[in-house]
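Please read the structure below before turning to the comments.
Quick note: the coordinates plus some simple rules give every number you see, no bench work behind them. Being a predicted model, the structure only gives us computed values, none of them experimental. Here the Cβ positions follow ideal geometry from the backbone for every residue, glycine too, while neighbour counts run over all protein chains shown.
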Amino acid sequence: GAGVSQTPSNKVTEKGKYVELRCDPISGHTALYWYRQSLGQGPEFLIYFQGTGAADDSGLPNDRFFAVRPEGSVSTLKIQRTERGDSAVYLCASSLTMSTDNTGELFFGEGSRLTVL
Amino acid sequence: AQKVTQAQTEISVVEKEDVTLDCVYETRDTTYYLFWYKQPPSGELVFLIRRNSFDEQNEISGRYSWNFQKSTSSFNFTITASQVVDSAVYFCALRGTGRRALTFGSGTRLQVQP
């Protein structure tokens, strides 16, 4: 597709369940980012991939959160034993390169809204 | 630590009015990058501009202009002759040297009334 695609767009789950959120970046983009946006707040960084490897996972809140990008394209954010506080919009973004001359322009998807009951 | 403050939670203007969105940042990095993003109701963040810390020249792009003042750690965004389509949440963001993560402010919701 032309843009960053995220599925599902909406996910409602019960506390304690496991969820997976998928991100399909723009073709050819080597860098991929996950952010979390709570209501009325700005996005908060979770993790950044360069290719298949997680170059920076300092934003993951705890070990219930994990993300993979096995082939350097699609990424999956995995949340175990979900809690009500995990409710938020999870945004994925991609960009072309990590060079210092990069404009820093991230292309964002429309997000996956997670609601934990 | 890095921090971005957008003190204006919500602004409402009438079409054709000019409006300025404020952004104040904190960083210990000597080199850094500042950004503005627009988030329409669809939720997708749209890149508007990047500014390097060593380039204090202001920029104008159509109805949009940005005023970067390093002395006051501010990077304000002005929309001239606002239009209804400008209604969105606008985020200011900061990226320090050697990091890829953006630190976002809490956003300013702009409503332009017809």
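Exactly one condition in (1) in contact with a Lys or Arg (Cβ under 9 Å, 6 or more places away or on another chain); (2) under 18 Å from residue B:37 (Cβ atoms); (3) more than 9 Å from chain B (Cβ to nearest Cβ); (4) touching a residue at least 60 places away in the same chain (Cβ under 8 Å) is false for residue A:96; which is it?
The failed condition is (1).
Within the range B:75-90, can one find any residue that is of a type in the set (Asp, Glu), away from chain A (no Cβ under 13 Å) and under 23 Å from residue A:91 (Cα atoms)? Spell out how you get there, then give the answer.
First, pick out the residues of the range B:75-90 that are of a type in the set (Asp, Glu): B:86.
Next, only the ones that are away from chain A (no Cβ under 13 Å) stay: B:86.
From what's left, under 23 Å from residue A:91 (Cα atoms): B:86.
Yes.
Which of the residues that make up the range B:79-105 are within 13 Å of the chain's Cα centre (by Cα) and surrounded by fewer than 17 Cβ atoms within 10 Å (Cβ to Cβ)?
none
With the condition kept exactly as written, say whether any residue in the range A:19-32 is within 11 Å of chain B (Cβ to nearest Cβ) and under 23 Å from residue B:105 (Cα atoms).
There is at least one residue in the range A:19-32 that is within 11 Å of chain B (Cβ to nearest Cβ) and under 23 Å from residue B:105 (Cα atoms).
Please determine whether any residue of the range A:100-117 is closer than 16 Å to residue B:47 by Cα, within 14 Å of chain B (Cβ to nearest Cβ) and part of a strand (DSSP E or B).
There is at least one residue in the range A:100-117 that is closer than 16 Å to residue B:47 by Cα, within 14 Å of chain B (Cβ to nearest Cβ) and part of a strand (DSSP E or B).
Restricting to the range A:1-58, give me the number of residues that are among the charged types (D, E, K, R) and within 12 Å of residue A:74 (Cα to Cα).
So the count comes out to 2.
Please specify each residue of the range B:5-32 satisfying the condition of being under 12 Å from the mean Cα position of the chain (by Cα) and under 14 Å from residue B:95 (Cβ atoms).
Matches in the range B:5-32: B:23, B:25.
For the range A:65-79, state whether one or more residues are loosely packed, with under 14 Cβ neighbours inside 10 Å and among the small types (Gly, Ala, Ser).
Looking for residues that are loosely packed, with under 14 Cβ neighbours inside 10 Å and among the small types (Gly, Ala, Ser), one finds none in the range A:65-79, hence no.
How about the range A:17-70: which of its residues are hydrophobic (A, V, I, L, M, F, W, C) and closer than 23 Å to residue B:38 by Cα?
Within the range A:17-70, A:23, A:26, A:31, A:32, A:34, A:39, A:45, A:46, A:47 meet the criteria.
If the Cβ limit is 6 Å and pairs must be 6+ apart or interchain, which residue in the range B:8-27 that is in contact (Cβ under 8 Å) with a residue 40 or more places away in the chain pairs with which residue that is acidic (Asp, Glu)?
Hits for this filter: B:8/B:22.
How many residues, within the range A:42-97, are touching a strand residue (DSSP E or B) at 6+ places or on another chain (Cβ under 7 Å) and assigned to a strand (DSSP E or B)?
Qualifying residue count for the region: 27.
Residues in the range B:9-39 that are under 20 Å from residue A:44 (Cβ atoms) and surrounded by 13 or more Cβ atoms within 10 Å (Cβ to Cβ): how many?
So the answer is 13.
Could we say that residue A:15 is in contact (Cβ under 8 Å) with a residue 24 or more places away in the chain and not in a strand (DSSP E or B) here?
It is true that residue A:15 is in contact (Cβ under 8 Å) with a residue 24 or more places away in the chain and not in a strand (DSSP E or B).
To keep it simple, each residue is scored yes or no on (1) over 25 Å from residue A:111 (Cβ atoms); (2) of a type in the set (A, V, I, L, M, F, W, C); (3) out of contact with any Cys (no Cβ under 9 Å at 6 or more places or on another chain).
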position	(1), (2), (3)
B:3	no, no, yes
B:6	no, no, no
B:11	no, yes, yes
B:36	no, yes, no
B:53	yes, no, yes
B:56	yes, no, yes
B:102	no, yes, yes
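Can you confirm whether the range A:84-106 contains a residue that is surrounded by fewer than 14 Cβ atoms within 10 Å (Cβ to Cβ), farther than 24 Å from residue B:96 by Cβ and of a type outside the set (Phe, Trp, Tyr)?
yes
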